[in-house]
Each structure stands twice: as C-alpha cells, then as structure tokens.
Amino acid sequence: MRLAIFGNPIAQSKSPIIQCAFAEQFGLPDFEYGRILAPVDGFAESLHRFVAEGGQGGNVTAPFKEDAFRCCDRLTARAAAAQAVNTLKVEADGTILGDNTDGIGLVMDLRRFCSLAGKRILVLGAGGATRGVILPLAGDKPADIVIANRTAAKAVDLASTFSTKIDVPICGVALDQVCGVFDVIIDATSASLGGEAIPLPVGIFGTGCVAYEMVYGKGQTPFMRRAAEAGAAHLVEGLGMLVYQAVEAFELWTGLRPDAEPVFAMLRNA
Ligand code: ATR
C-alpha cells in the first residue's frame, strides 16, 4: 500500500513513524508511507501526481486541509462539517474520498479521562481547528457545547452553523463573556503556538475538569498554566489526538484497527 502525508513544511511530521509502527503491528508487507512537501499553491497538482503514480491515499496537514477538502470527489459527514480533510483514500474506481479524523482523534483521547456524556464542554477558538471537532464532540452527547472566541462574531456564526447539524445545545460567545463551570475545556486557538495567553474568566474550570491543549510539544503553555492554577484535574496536550486520528486513518485504508498504546509510549519516550 502506497500512502503519504502532504504538508508545507513536512519534515517535522510524526505521521510516517506512527503509521509505519501501526503497519508493523500487523506485519503488513509493502506498506509505504512517505512525506510530500507540496508547494503552497500546488497541493492539487502534487496530489494528482501521487495518485497517477499509484498513491492510494494519505494524510494532509497544514496548510492544505482546506485545499484537500476541495479536491475530493466524496466526503464523509465529518469532513463536510469540518470543511477540511486530513485523510484521503483513493477508491477502486480512482475517485478520492476525503475524511477528517482530527475530531474523533480528540474525542478518543478525551475518553481516556472522562465520559463526555452529559458534560459541559467549552471550546476556545472559532477557526478551522474548532470546526473540525464539533460534530465528533456532539456525537458523545455532552450537555452542551460553548464556543468562545476573541472575535465573538466568529463564535456566534460557527455555533449557529452547527446548531442545525447536531442535537446538542451549542452557543458562541466572546472569551470574556464565558460564564459557568465546565467539565472539559479545549484550547483550539492558535494562541499557544506563539506562547500567548488567552484571557479567560476565573472559575470556569470545574472539579475534575479536563483541560485539553490541542497543540503538543510546547511544554506548559499559558493555557495549561492557567488551568493548573485553577485546579483542573487533568492537563492534556494534543499528542493523543495525533495518535488517535492516525488510528482512524489507518483503519480507513486497511480495515485494521491498530493498538495506539505502544505507539504512544514510543512517542512519549522519543
Ligand atoms: P486554525 O485553523 O488553527 O483554527 P485559524 O483558523 O487561524 O487557525 O484560527 C485561529 C483561532 O485562534 C481563532 O479563533 C483566533 O481568534 P480570532 O478569530 O479572534 O482571530 C484564535 N486566536 C489566535 N491567537 C489568539 C490569542 N492570542 N488569544 C485568543 N485567541 C487567539
């Protein structure tokens, strides 16, 4: 099977290590998973060349998830809702299926800490990262989902778009208007990438709260420090989301469900 991840930059991607480790679990012969550095304005050409040369699918990382969404012949419901694709599969008839496994990856990781059913979830940010996770989060039947964003109008718009797609109450507010106490707080902003703090009201971290930082490898971000000071029970960074989105993608290509645990251990010790 010939797969690859597309991105720019791409050298940093851990996906080849993760996917090859999964393939080893099943002793899959001829499993190839490469890295493709596509030009910023040339994703579609890179993808079509790869497919013409026998590529059977792959993953897509920044900045191409929206380009990939536009290149697919068919989309899963979660990719359509996310308007972004992180997983591609070339079907037997040569058409391209686009999926988005980021959100279910997050949900799988969160489930290690608590059941989401009946819980209050706060998602910080209203960009692509948030759009990718709302549908899968709602699938676990939380009590409600609040989207809070620096630019309030974007949170309100996103909540209103999703309100017709999910059967969980959802609303959008400005960051400084967040009120109440939450069981799960997810940082889906890009603030932590630049080490910036998010101005959060006090008292929103409930007892047993899971504070989830989607970014990983940045050490204690300002969001995680804030959560720790507020007494959050679990501080989690997004490495698990990365591993579990890969589990879902591997299953889509091969029909086999790999064990995430040994791969987790390998990445933590790397
Ligand atoms: P992504 O695709 O990673 O979600 P994006 O679409 O550019 O990236 O969205 C980035 C998100 O992080 C936005 O919600 C942005 O808030 P605005 O809509 O107000 O721009 C949020 N963000 C970025 N830096 C931030 C900061 N310092 N504090 C709070 N929110 C921030």
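The values are calculated or read from the model by the stated rules, or taken from the named source; none is laboratory data. In this text, all values refer to a predicted model and were calculated from it rather than measured experimentally. Cβ: placed from backbone, ideal geometry, glycine included. Neighbour counts: every protein chain shown. Surface accessibility is based on the protein's heavy atoms, side chains included, excluding ligands, DNA and RNA. Shrake-Rupley method; radii C 1.70, N 1.55, O 1.52, S 1.80 Å.
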Ordering of 234-247, 29-42, 68-81 by packing [mean C-beta count within 10 Å, highest first]
234-247, 68-81, 29-42
Where a ≥ b ≥ c are root eigenvalues of the Cα gyration tensor, a/c under 1.5 meaning rounded, otherwise prolate if a/b exceeds b/c and oblate otherwise, the stretch 103-240 counts as rounded
Prolate/oblate/rounded label for the stretch 149-211 (Cα gyration tensor, a/c 1.5)
oblate
Dipole of the chain, positive direction: furthest Cα of 166, 125, 98, with charges on the beta-carbon
125
Cα centroid of the stretch 221-242 to Cα centroid of the stretch 1-58, whole Å
31
Let me check I've understood the local charge: for residue 74, count other residues with C-beta under 11 angstrom from its C-beta, Lys and Arg +1, Asp and Glu -1. What total comes out?
-3
The long-range amide H neighbours of residue 200, using H built 1.01 Å from N in the peptide plane and a cut-off of under 5 Å, are none
Shape verdict for the chain, please, from the Cα gyration tensor: rounded (a/c under 1.5), prolate (a/b greater than b/c) or oblate.
prolate
Using the Cα centre as the reference, give the magnitude of the dipole from point charges on the C-beta atoms of the stretch 52-179 (Lys, Arg: +1; Asp, Glu: -1; all else neutral), rounded to the nearest 20 debye.
440
Run the helix sum for the chain: -39,500 (n - 2.57) per DSSP H stretch of 4+ residues, divided by residue count, reported at 222 nm to the nearest 500 deg cm²/dmol.
-10500 deg cm²/dmol
Can you check what the net charge comes to around residue 240, using other residues whose Cβ is under 9 Å from the Cβ of residue 240 (Lys, Arg +1; Asp, Glu -1)?
-1
Once you list every other residue whose beta carbon is under 12 Å from the beta carbon of residue 56, what net charge do they have if Lys and Arg are +1 and Asp and Glu are -1?
-2
List the residues, sorted by chain then number, that are 5 or more residues from residue 6 or on another chain and whose placed amide H is less than 5 Å from its amide H.
36, 59, 60, 61
Karplus ³J(HN,Hα) for the stretch 79-86 (6.51 cos²θ - 1.76 cosθ + 1.60, θ = phi - 60°; Hz, whole; x = Gly/Pro) runs 6, 4, 5, 6, 6, 7, 10, 10
Count the DSSP beta bridges whose two residues both fall in the chain, then state the antiparallel fraction as a percent rounded to the nearest 5.
15
If R0 is 22 Å, what FRET efficiency do you get for residue 11 and residue 112 from their C-beta distance, rounded to 0.05?
0.15
Percent carbon-and-sulfur accessible area, the stretch 101-231, ignoring ligands, DNA and RNA, probe 1.4 Å
54
